[in-house]
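The values are calculated or read from the model by the stated rules, or taken from the named source; none is laboratory data. Everything numeric here is computed off the predicted structure, so don't read it as measured data. Glycine also receives a Cβ, built like all others from the backbone with ideal geometry; neighbour counts cover every protein chain displayed. Surface areas here come from the heavy atoms of the whole protein model, side chains and all, with no ligands, DNA or RNA. Shrake-Rupley method; radii C 1.70, N 1.55, O 1.52, S 1.80 Å.
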Amino acid sequence: MNYLLQLVLILVLTKLGAHLANRFKLPTVIGELLVGVLAGPAVFHILTYGTFIHYFAEIGVIILMFIAGLEGDLKQLFHYWKPALTVATLGVIFLTAAAVLLCVGMFDFSLKTALFLGLILSATSVSITVQVLKEMSYLNTREGAIILGAAVADDIICVVLLGISTSLFGTASTQNSSIIGMVVPKVLFFVIAIALAKWLVPVFLKIASKIQSSENVTTGALILCFGFAFLAVEMGMSDVLGAYIAGLAISETNFKEQLAAKIEPIGYAVFIPVFFVSIGLEITFKGMQNDLLFIGLLLFVAILGKQIGGAIGGKLFGLTWNEANIVGAGMVSRGEMALVVANVAVSAGLIDHNHYTAMIVVTVMATLIAPSMLKVFIQRGKRVVSGIQLNKTSEAKS
């Protein structure tokens, strides 16, 4: 019954952490992430990352991205595909270039290792960003649409570059895996997912609504959520991408409002807090003292590269500097795709386990820092808008 005690501790501590974060005017997710750091191996060792937390966290992030899709706007997402693709591409270029300069210039790494470290750091995860955007009522804005679109493009770019890199530089077994063999299933996933989203999802939900049982439509939506997530993983993509597409598909039906009100309590009451805590539990300070300079500089590069790349990409498409900075900050958070790329890099012999540990620490630290950055830029933008509106009102009165 140890898992029940872990769940009780997580739920109690995350609510207290979120409350304290609110009191200090920080995003609530910061409080929940710090619970993981303080209660985990890094400090008090009350909680450990085990099988139970792993699976609850997986379900939590899937539901979180499903909710983001439910609250999304498909037309707006397609409308901003050009800036989204530009933001994703520039983020990868700026970050990889900065990582190569740092690793080769200061730490004498091989070019191959430096390129792979840059590729690992290029993989964005918007799971945490989505939570902040929701809190700040910013999810369905132009900047929110660009961030979400860029995150999808980012995943695809990283998968393609990963396939090319392992084929060129990996071990004999990974080199034998063709680039086409890695990329084709990903392309096929989008074809299948779009077809299912268009023709299966509305029909499936209508059938579910006619079944005489309790919460039949809610159950039907969760079946679609987990089904799309499973399909994505089977075809080499991230499960959260599949869940997000399922949510977007449902957002185009008449069940959108009903399901958003039903799914959010399921996610935020239990599963999503476990996901936020699990990120903090990945942090450990053991053996870090030997690599503090490397980790510190790499973290600086990881944040600055995404911030600059995202901001310039947004500015190229007519955003103000503050709006562009919101996009850049939205791309700073890392997550599951970075860990996937890191694992592949270790398996392919492209980085060693010491560098892998450093990458995990940088990934988690960037994810901890990103929400506060995003909130600062959003609040600054709201103040600017309020100031402009106040000036216009004053001018009209005079």
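Quick rundown of the values:
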quantity: Lone qualifier among LEU231, LEU259 - being modelled with pLDDT of 90 or more and over 20 Å from the mean Cα position of the chain (by Cα); calculated: LEU259
quantity: Selection count, region 16-41, where residues are assigned to a helix (DSSP H, G or I) and touching a residue at least 60 places away in the same chain (Cβ under 8 Å); calculated: 11
quantity: Considering residues of region 117-163 that are open to solvent by 10 Å² or more (accessible area, probe 1.4 Å), closer than 18 Å to TRP81 by Cβ and among the polar types (S, T, N, Q) only, the residue modelled with the lowest pLDDT; calculated: ASN140
quantity: Number of positions in region 97-116 that are open to solvent by 10 Å² or more (accessible area, probe 1.4 Å) and either in a helix (DSSP H, G or I) or under 12 Å from VAL332 (Cα atoms) (or both); calculated: 13
quantity: Residue within region 298-307 that is surrounded by fewer than 24 Cβ atoms within 10 Å (Cβ to Cβ) and out of contact with any helix residue (DSSP H, G or I) (no Cβ under 8 Å at 6 or more places or on another chain) present; calculated: yes
quantity: Inter-residue pairs, beta-carbon under 8 Å, first hydrophobic (A, V, I, L, M, F, W, C) and in region 1-12, second open to solvent by 80 Å² or more (accessible area, probe 1.4 Å), 6+ apart; calculated: LEU9/ILE46
